[in-house]
Structures are given as C-alpha cells and as structure tokens.
1. Among the aspartates and glutamates, which have Cα under 14 Å from the Cα of K186 when same-chain residues fewer than 8 positions away are ignored?
2. Any idea what diffusion coefficient region 113-251 gets from Stokes-Einstein, in µm²/s, Kirkwood Rh on alpha carbon pairs, 37 °C, 0.692 mPa s?
3. Place +1 on the Cβ of every Lys and Arg and -1 on the Cβ of every Asp and Glu in region 108-222, take the dipole about the Cα centre, and give the residue among I195, V217, A156 whose Cα lies farthest towards its positive end.
4. Work out the length of the dipole vector of the chain about its Cα centre, built from +1 on the beta-carbon of each Lys and Arg and -1 on the beta-carbon of each Asp and Glu, and round it to the nearest 20 debye.
5. Given region 128-174, what whole percent of its Cα pairs are spread farther than 18 Å?
6. Could you tell me what fraction of 2.2 N^0.38 Å the Cα radius of gyration of region 19-135 comes to, as a two-decimal ratio?
7. If we count every other residue with Cβ under 12 angstrom of L125's Cβ, Lys/Arg +1 and Asp/Glu -1, where does the sum land?
8. Of V126, A165, I143, which is farthest on the positive side of the dipole of region 110-172, counting Cα position, with +1 on Lys and Arg Cβ, -1 on Asp and Glu Cβ, and the Cα centre as origin?
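Where a number appears in this text, it was derived from the coordinates with a stated rule and is not lab data. It should be emphasised that the depicted structure is a prediction, and the values quoted were computed from it without experimental measurement. Using ideal geometry, Cβ is built from the backbone for each residue, glycine included, and neighbour counts are taken over all protein chains shown.
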Amino acid sequence: MSAAPAPSAGPVEDGGVPAPKHVAIIMDGNGRWAKARGLARTEGHKAGVEAARRAVEAARDLGLQYLTLYSFSTENWRRPAGEVRDLMGLLRQFIVDDLPKLKREGCKVVIIGDRDNLSMDLKALVHRAESETRDNASFVLQIAFNYGGRDEIVRAARAAAKTAASGALKPEDITEKTFETFLDTKDCPDPDLVIRTSGEKRISNYLLWQAAYAEYVFLDVLWPDFSKEVFAGAIEEYYRRERRYGGVGGN
C-alpha cells in the first residue's frame, strides 16, 4: 500500500467517515522477515519490537487515542520453548526500557490477557507498568499478551456467572453492556480499525467481541517493515469505507 497523508482529526468531508479513535494491530511477519535475511527468528522479534515503538509514535502523530497491539497469543505457547522464552524476555525489556518515556509522555499502559500462568517477575512488571501510568490520559496503549479472544470471553462469562451466583447480578439483567464490564477491555472503546500485516487474511482469535463492527485492512508488509507511512495508508483506506453498522448506506 502506498504512503498516504496523515488523516485529519475529523471526518474526511461532510457526511464522511469520522476519524478513528482506536486502532488494533495484529503484528505478523517477524519470522518471515528474519528468514528472508538469513537471521534467527529472535532477530525478527527484536525488529518487531522496534516496529512496535514506531507504531506507538505514529499512532499519536496520526491523532489516535487508543492503540492495541497483539503481542503474544494464547496459541503462541505451542511455539518452541526457546522462542517463547525470547518473547517473554522482549516484553520484559520493552517495559523496562520504554516505561519511563511512556510515563513522561502521558501514555497509559494496559495489558490485556490471562495473567495466571505468567511468571511472578513478569506479573510484577505488568503491574508496575499499569500502576505507574494509571493516571495518564493523553494516549492509551493496550498490549494484548497471553491473549485470546475466546479465552477472554470465557473468562468474562465465568466472572459474570460468579457475580450472578453471589446475588449481585440477576441473570436477566445481563446485557451486552453489562457483559462488556467483565471483559479485559472494559475501559476502552471498541476498535474502529483492525490492521493485520504480512499478507495473511484472518483475525487469529483477536478481539472477537470488540471488533464485531471494526473495519479490517490487510497489508502485505511484514511487521518489522511497518512505518508511519504504511500506518497512514491503512487509515486512508479506512476513510474510504462506508460504516453502516447493519443499517442502510448513504448511496
């Protein structure tokens, strides 16, 4: 996709599509990027972290308020143990290295996903990142780590059932809005746009509830090559969509 100018803060034109507030990205292609260069997969993941840093800066420059990055899925545990260990280490390093800058720039960090089987030190780092940025309000960075959309919905259903069993919630009072309060993303609006890199055209168990009405843009770019220009091009594609939410379009 060719580069495009940064989108404006409002609709493209009268009656046009409003600017997106929340973009979610499936960061795919690290392994293929490394293989094409004769490098170990770990090097691809390291390059992917640099691309994530560029994406965060670009998101803010492009006027977004929320960015969600799919960092590690519940299915990624099936990868070789060494690669899993490296991915865990990259999250540790990202928090340690980037947290001071994120705090200074007013970014709120939220980690979504199941934390039960994370190591104690990683749980502590996740807690630190969230607690130290809790009051920031200029931009929200959500990192989906050990995350799966189905797993999130099951955990939310269990929490809702437990609340109902305690008598604090009547089953007949469970609506979509009520159920959303049990999701990991309860404090974040649904994504307007989901981007996937690497040319694959599937959603891979990502934000299944939240992205029900999101627009999807699939890019042939491998994640380590993701840039602000590519990001802007994806948002420009979003502006060309007609968002009807099940209603009748304007044409």
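1. Here the aspartates and glutamates satisfying the reach criterion relative to K186 are E152, E176.
2. Values: Rh = 17.8 Å.
Reported coefficient: 184 µm²/s.
3. A156
4. Working: 36 positive and 37 negative charges, 126 e Å.
The dipole magnitude comes to about 600 debye.
5. Values: 598 of 1081 pairs.
Pairs farther apart than 18 Å: 55 percent.
6. Details: Rg = 14.7 Å, N = 117, 2.2 N^0.38 = 13.4 Å.
My calculation over the Cα atoms of region 19-135 gives 1.09.
7. Values: positive: R92, R115, K123, R128; negative: D97, D98, D121, E130, E132.
Local charge sum for L125: -1.
8. The residue sitting farthest along the positive end of the dipole is A165.
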